[in-house]
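Have a look at the structure below before the remarks.
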Amino acid sequence: MELVIRSVLFACRHSSTPVEPEQTARLVLRLYRMGLTDPEKLSIVVVKLMSHRALLSRNAPIR
């Protein structure tokens, strides 16, 4: 999961809204617990969700 978090942070490093590592880690863990265990697919989904989240709201926390 650490590799997934690092790859998401790397992919989102040039986004207009900074991605918080703690929020990213919480989202990765939540999706992993829901059954998304393939690291490549997990990275792709988290990047898309974080990008979508940044478009909707710049400061909304992920719970």
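The values are calculated or read from the model by the stated rules, or taken from the named source; none is laboratory data. Every value quoted in this text rests on a predicted model; they were computed, and no experiment measured them. Because the Cβ atoms are built from the backbone with ideal geometry, glycine has one as well, and the counts that use them run over all protein chains shown. Accessible surface is based on the protein model in full, side chains and every heavy atom, while ligands, DNA and RNA are left aside. Shrake-Rupley method; radii C 1.70, N 1.55, O 1.52, S 1.80 Å.
Output the residues belonging to segment 7-48 that are among the hydroxyl-bearing types (Ser, Thr, Tyr) and part of a helix (DSSP H, G or I).
Residues of segment 7-48 that are among the hydroxyl-bearing types (Ser, Thr, Tyr), as a first pass: 7, 15-17, 24, 32, 37, 43.
Within segment 7-48, 7, 24, 32, 43 meet the criteria.
The numbered conditions (1) modelled with pLDDT of 95 or more; (2) hydrophobic (A, V, I, L, M, F, W, C); (3) open to solvent by less than 50 Å² (accessible area, probe 1.4 Å) are all true for residue 29 except (3).
Name the residue that is nearest to the chain's Cα centre (by Cα), counting only residues in segment 1-29 that are polar (S, T, N, Q) and more than 10 Å from residue 50 (Cβ to Cβ). This residue is 7.
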